[in-house]
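Asker: One structure, pasted below without further comment.
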Amino acid sequence: MFSKVLVANRGEIAVRVLQTLQAMGIATVAVYSDPDKNAPHVTLADQAYSLNGVSAEETYLDSKKLIALAKESGAEAIHPGYGFLSENPSFCADCTAAGLVFIGPNSDTISLLGDKIRSKETAIRAGVPVVPSSPLWEPGETHHQGFLSQWGFPLLVKATAGGGGRGMRLVEREAELLPALESASREAASAFGDGRVFLERFFPAARHVEFQVLADASGNTIHLMERECSVQRRYQKVIEETPSPALDRKLRESMGESAVALAKSAGYTNAGTVEFLVDPTTGQYYFLEMNARIQVEHPITEETLRMDLVQWQVRIAAGENLTLSQNDIRSSGHALECRIYAEDAYDNFAPSTGTLLSWQPPHGMGLRLDSGVSQGQEVTPYYDSMLAKLVSWGADRQASINRMSKALENFPVVGVTTNIPFLMRAIHHPAFTSGNYDTRFVAMYGELTAPGDNGRIDAAAMELAEDFWQASVPKRAGTRTTGQDRPQGPWESLGRASFP
Amino acid sequence: MSQQLDNSQAQDNPPTKNERLLKQVYPPTRSVDDLASSQDTDPANPPAAEHPIQLLKQEQDYWEGLYRLAQGKTLRFQAHRVGQQVHIWIGGELYHFALPVSSSRGRTTQRISTDEILCSVPGVVLTVDVADGDSVVEGQTLLVIESMKTEQVVKSPRDGTVQRVAVQPGDRVDRGMRLVALAPLEKT
């Protein structure tokens, strides 16, 4: 086992990985950018090194700095977390070349899975159903005509190297196709250095269900059940749950076998996730992509299986074999994750920054918070807007929803606008509570993103604000007269407040 | 520990529309005045307890406590004052209140102007696509701001000429900051 590991990330995932490493008795090294100097992951680690910079490019994405610091600190391995360099094959290869263990799959596997066409071919070879797609598009060529006549519109234009919605276009009509292909290709070329694009069948009412996989270097590969991830905004997940309300036993078995077959066919080692689209009308599922990293939403799997996935990542990377077989994997109860984003759901999920005047997470049985921030900390615009993940566990789905509901209601966050009110509405929405929802959920129900009528709570807030203001502002100011020709409120003289 | 808030005039006689000092600025919502009046006469939702506010912590700029609604339901709340802003957190919802904008003493209320393009989101300027003196058309991209990994495209609100670009790539910008000034439209 390693004696020292560097965590090349920030925020909640850095904290999460550091905690597991420390519980395993491994010495820990954190890295930080200038704005993160006092962040929780820095204080938690045994050692912390400055990356001397502000932007992601000059800090958490600077592979040379990270590798040099790992060597300097005496770390034997690097845990990349998710995002940043976690799925960068060159970083992985550079670590290996520098004599460091990259905690994840090898660089060839990362390259293979990062290419949508090659990963699809791998899935087909493994007998896994894939979303129908056209050959690569080339200007002036007509070899996508077969795809068009079979599937027609609407369809998706996708970039081979795309991700996070970049290089992707929904095309409704033939006339929009060529411009969409050209612009997606341009966007992907500038964002990923690879402008190859293709057409893919579009499922308007699909569900997004993924399977967690664990594989060791000896070829033992198992799956750890599914996660339902259909509540999304801007192609990013917001709420995840397991088990998925969309799967029955037979479908779960079949998808799980497909996930394992794909991981084996790709030569996968370590923890990974196989993403599928499920068409709820037919029960048919299609391979979408495989993520070669620990996922944001891994805690719900940990809660229902009572397993530490990060510990398995470290053990596998250190050369240990799995001590579990597929039959040992038994899920218990239901877990729900809500991602707490610093964003305004009433303003098209616009990011919000500021200082956390209040950050007081709820505690109790069946609750877990993976957080990368603390009270008093500044939330800056430089990195991702996810502050934390709140996870609830219950004996059944209703129990975990109820527990989540009370937890969200009792989580004071002040100073930065968060999506907590949106999350409260979402988990109580009939479409969510019924379990019968798909990826259109957020867009379909405008009441989730419109300021609601909270009746007496709105009135209570107003009353509290008035009482508090009167008590908070020194009384003498209230007696000042302004000499204006009309009666004036005493506080108007204080000027206009500017609000985020 | 806890103390009952008493002798507050506002308690016994909730402020009416004309007496209120603060204005709700977030969430953007229909008027709380309409809301309060409609709720007070709602027979299915009787008024809250006579002294609904129980303070557990009371500092100059911070209150924490419980708010009793009707039918025994109690919500936790926090009140924070930052300068002239009041943040109220209650039962998972967040509110901002501020003083109403004064229209007296020469301070004009916010003029709707298309001459100045202000920043609507905190972030870092990624690209600047125009320069001083450029002609632009409505909807043309002026610059792109990156905020928390999301790109926000700032477009021109009208046809015109760029008088001054106030930022350059790499600048950190905040809400309300001036990004670009367009030459004022000539009055004809």
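The values are calculated or read from the model by the stated rules, or taken from the named source; none is laboratory data. Since we're looking at a predicted model, the values are computed, not measured. Heads up, the Cβs are rebuilt from the backbone with ideal geometry, glycines too, and the neighbour counts pull from every protein chain shown.
Asker: If I go through segment A:401-417 residue by residue, how many of them are in contact with a helix residue (DSSP H, G or I) (Cβ under 9 Å, 6 or more places away or on another chain) and either within 25 Å of B:ARG81 (Cα to Cα) or touching a residue at least 40 places away in the same chain (Cβ under 8 Å) (or both)?
Answerer: The total comes to 7.
Asker: Still on this structure, I have one more. When you go through A:GLY81, A:GLY74 one by one, which is the residue that is touching a residue at least 40 places away in the same chain (Cβ under 8 Å) and surrounded by 18 or more Cβ atoms within 10 Å (Cβ to Cβ)?
Answerer: Step by step, each of A:GLY81, A:GLY74 is checked, and only A:GLY81 is touching a residue at least 40 places away in the same chain (Cβ under 8 Å) and surrounded by 18 or more Cβ atoms within 10 Å (Cβ to Cβ).
Asker: Checking the conditions here, which among A:LYS264, A:LYS250 is surrounded by fewer than 17 Cβ atoms within 10 Å (Cβ to Cβ) and either part of a strand (DSSP E or B) or touching a strand residue (DSSP E or B) at 6+ places or on another chain (Cβ under 6 Å) (or both)?
Answerer: A:LYS264
Asker: Could you check how many residues of segment B:36-77 are modelled with pLDDT under 80 and in contact with a Gly (Cβ under 7 Å, 6 or more places away or on another chain)?
Answerer: So the count comes out to 2.
Asker: Taking A:ARG330, is it in a strand (DSSP E or B) and either over 24 Å from A:GLU302 (Cα atoms) or more than 15 Å from the chain's Cα centre (by Cα) (or both)?
Answerer: no
Asker: Hey, could you check segment A:267-304 for residues that are within 21 Å of A:GLY81 (Cα to Cα) and aliphatic (A, V, I, L, M) and say which is nearest to the chain's Cα centre (by Cα)?
Answerer: So, considering only residues that are within 21 Å of A:GLY81 (Cα to Cα) and aliphatic (A, V, I, L, M), the one nearest to the chain's Cα centre (by Cα) is A:VAL296.
Asker: Answer yes or no: is there a residue in segment A:322-338 that is within 13 Å of chain B (Cβ to nearest Cβ) and in contact with an Asp or Glu (Cβ under 9 Å, 6 or more places away or on another chain).
Answerer: Yes, segment A:322-338 contains a residue that is within 13 Å of chain B (Cβ to nearest Cβ) and in contact with an Asp or Glu (Cβ under 9 Å, 6 or more places away or on another chain).
Asker: For residues that are assigned to a loop (DSSP other than H, G, I, E, B) and touching a Gly at 6+ places or on another chain (Cβ under 6 Å), scanning just segment A:409-435, find the one that is farthest from the other protein chains (Cβ to nearest Cβ).
Answerer: A:VAL416
Asker: In segment B:166-177, which residues are surrounded by fewer than 14 Cβ atoms within 10 Å (Cβ to Cβ) and more than 13 Å from B:PRO122 (Cβ to Cβ)?
Answerer: Selection gives B:GLN168, B:PRO169, B:GLY170.
Asker: Could you pull out every one of the strands (runs of 3 or more DSSP E) wholly within segment A:2-95 that has 2 or more residues that are among the hydroxyl-bearing types (Ser, Thr, Tyr) and either within 14 Å of chain B (Cβ to nearest Cβ) or in contact with a strand residue (DSSP E or B) (Cβ under 7 Å, 6 or more places away or on another chain) (or both)?
Answerer: By residue number, A:27-32, A:47-50.
Asker: Report yes if some residue within segment A:270-277 is among the polar types (S, T, N, Q), modelled with pLDDT of 95 or more and surrounded by fewer than 24 Cβ atoms within 10 Å (Cβ to Cβ); otherwise report no.
Answerer: Looking for residues that are among the polar types (S, T, N, Q), modelled with pLDDT of 95 or more and surrounded by fewer than 24 Cβ atoms within 10 Å (Cβ to Cβ), one finds none in segment A:270-277, hence no.
Asker: Here's a check for you: in segment B:101-123, which residue that is more than 7 Å from chain A (Cβ to nearest Cβ) and modelled with pLDDT of 80 or more is nearest to B:LEU55 (Cα to Cα)?
Answerer: For segment B:101-123, the residue satisfying everything is B:SER120.
Asker: Here's a follow-up. Which of the residues belonging to segment A:380-402 are assigned to a helix (DSSP H, G or I), touching a Leu at 6+ places or on another chain (Cβ under 7 Å) and either among the polar types (S, T, N, Q) or within 14 Å of chain B (Cβ to nearest Cβ) (or both)?
Answerer: Result: A:SER400, single match.
Asker: Might you let me know whether segment A:60-69 holds any residue that is more than 22 Å from A:THR380 (Cβ to Cβ), surrounded by fewer than 17 Cβ atoms within 10 Å (Cβ to Cβ), over 24 Å from the mean Cα position of the chain (by Cα) and not hydroxyl-bearing (Ser, Thr, Tyr)?
Answerer: Yes, segment A:60-69 contains a residue that is more than 22 Å from A:THR380 (Cβ to Cβ), surrounded by fewer than 17 Cβ atoms within 10 Å (Cβ to Cβ), over 24 Å from the mean Cα position of the chain (by Cα) and not hydroxyl-bearing (Ser, Thr, Tyr).
Asker: Might you let me know whether segment A:309-324 holds any residue that is modelled with pLDDT of 95 or more, under 29 Å from A:ALA426 (Cα atoms) and in contact with a strand residue (DSSP E or B) (Cβ under 8 Å, 6 or more places away or on another chain)?
Answerer: The answer is yes, given that some residue of segment A:309-324 is modelled with pLDDT of 95 or more, under 29 Å from A:ALA426 (Cα atoms) and in contact with a strand residue (DSSP E or B) (Cβ under 8 Å, 6 or more places away or on another chain).
Asker: Pull up segment A:444-467, narrow it to residues that are touching a residue at least 40 places away in the same chain (Cβ under 8 Å) and either crowded, with 21+ Cβ neighbours inside 10 Å or over 28 Å from B:ASP61 (Cβ atoms) (or both), then point me to the one that is farthest from the other protein chains (Cβ to nearest Cβ).
Answerer: Once the filter is applied, the top-ranked residue is A:LEU448.
Asker: Could you grab the pairs with beta carbons closer than 7 Å, sequence gap of 6+ or different chains, first residue in segment A:96-120 and at positive phi, second one part of a strand (DSSP E or B)?
Answerer: Correct list of pairs: A:GLY104/A:ASN270.
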